[in-house]
1. Can you pull out the residues in the stretch 210-224 that are within 16 Å of residue 239 (Cβ to Cβ) and touching a residue at least 40 places away in the same chain (Cβ under 8 Å)?
2. Among 193, 160, 197, 108, which is free of Cβ contacts under 8 Å to residues at least 40 places away in the same chain and touching a helix residue (DSSP H, G or I) at 6+ places or on another chain (Cβ under 8 Å)?
3. Tally up the residues in the stretch 276-300 that are over 22 Å from the mean Cα position of the chain (by Cα), without any contact (Cβ under 8 Å) to a residue 12 or more places away in the chain and either closer than 21 Å to residue 236 by Cα or part of a loop (DSSP other than H, G, I, E, B) (or both), please.
4. Out of the residues in the stretch 228-252 that are surrounded by fewer than 21 Cβ atoms within 10 Å (Cβ to Cβ), under 18 Å from residue 183 (Cα atoms) and touching a helix residue (DSSP H, G or I) at 6+ places or on another chain (Cβ under 6 Å), state the one that is modelled with the lowest pLDDT.
5. I need the helices (runs of 4 or more DSSP H) fully contained in the stretch 1-52, keeping only those with at least 1 residues that are under 18 Å from the mean Cα position of the chain (by Cα) and surrounded by 12 or more Cβ atoms within 10 Å (Cβ to Cβ).
6. From the list 271, 304, which residue is part of a loop (DSSP other than H, G, I, E, B), in contact with a helix residue (DSSP H, G or I) (Cβ under 8 Å, 6 or more places away or on another chain), at pLDDT 95 or above and closer than 24 Å to residue 213 by Cβ?
7. When the stretch 97-107 is examined, which residues are found to be within 18 Å of the chain's Cα centre (by Cα) and over 25 Å from residue 304 (Cα atoms)?
8. Restricting to the stretch 157-180, and then to whatever is surrounded by fewer than 24 Cβ atoms within 10 Å (Cβ to Cβ) and either part of a loop (DSSP other than H, G, I, E, B) or on the phi > 0 side of the Ramachandran plot (or both), can you tell me which residue is nearest to the chain's Cα centre (by Cα)?
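The values are calculated or read from the model by the stated rules, or taken from the named source; none is laboratory data. Everything quoted here is computed from the prediction, not taken from an experiment. We place every Cβ from the backbone using ideal geometry, glycine too, and count neighbours over all the protein chains shown.
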């Protein structure tokens, strides 16, 4: 059984927000530190990825809850697990271990659920976030030519992450929340290097972020430019996630669907954040909006991003069973 075969037969369900679920545990500084990092020189509260080492049972429980809700794919707790992302916590040296252990936790839970229902295989998507630095833009308005990170530094960091995710058991790699396509290109190059070196063919999912009503990524690309600029490497799926709610994101997912030979994914937020940064859209409201994606036959993989919970995913999975998967376009080139 392969994920490509499954995608041809049905719409697959991606899990919901890891951060939203972690917040429900109301963890304090000592919870993040655990015994291993009790003497670490800086604050660790908010380093959610670190919980794979200090509170693995919490991460395992979150994965289990999403699988029980009907998820086919669960994302590893590694959104910021690069040496670049971990630099904020003086934990650069933990990058490989974080990815390995996070993938291992997710794989154990996924295999457990697959064993219960062999007809429905569960997959682990190695989450590769955008990092907190951009290769295309300067963080200093007074120095437009300055870059906080180089392309080669990104490749090196992503390579370490990819190696850890694969060793830990990830079934696919999800390069997600892409706001700067040059960062994504670095992640793709790192992945290709590892695939060639290890002689493996692990599928790649790519998911960008449309940042506002202009319909562009933060680095200025339209849907069409985003797709074309990443078309040099064959991928399992293309899609969008985060930043927007399901209703705002649908037009851009639809445009991508009409132009792509790959499978299409979407995992929008539970609406737009309120004045306190929280997400108020109920599971029932989101289910109704997601059903439009299904009626218009524009997705192969559907899930949730910020603010979504297992109940959101349960209702999305419930409605997705009623609809056939999208058939990828066959494009003709002149």
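1. Across the stretch 210-224, the qualifying residues are 210, 221.
2. 193
3. 1
4. Checked the stretch 228-252; the qualifying residue modelled with the lowest pLDDT is 233.
5. Once the helices (runs of 4 or more DSSP H) in the stretch 1-52 are filtered for at least 1 residues that are under 18 Å from the mean Cα position of the chain (by Cα) and surrounded by 12 or more Cβ atoms within 10 Å (Cβ to Cβ), what remains is 3-9, 18-23.
6. 304
7. Once the filter is applied, which keeps residues that are within 18 Å of the chain's Cα centre (by Cα) and over 25 Å from residue 304 (Cα atoms), the stretch 97-107 yields nothing.
8. Restricting to residues being surrounded by fewer than 24 Cβ atoms within 10 Å (Cβ to Cβ) and either part of a loop (DSSP other than H, G, I, E, B) or on the phi > 0 side of the Ramachandran plot (or both), the top hit is 177.
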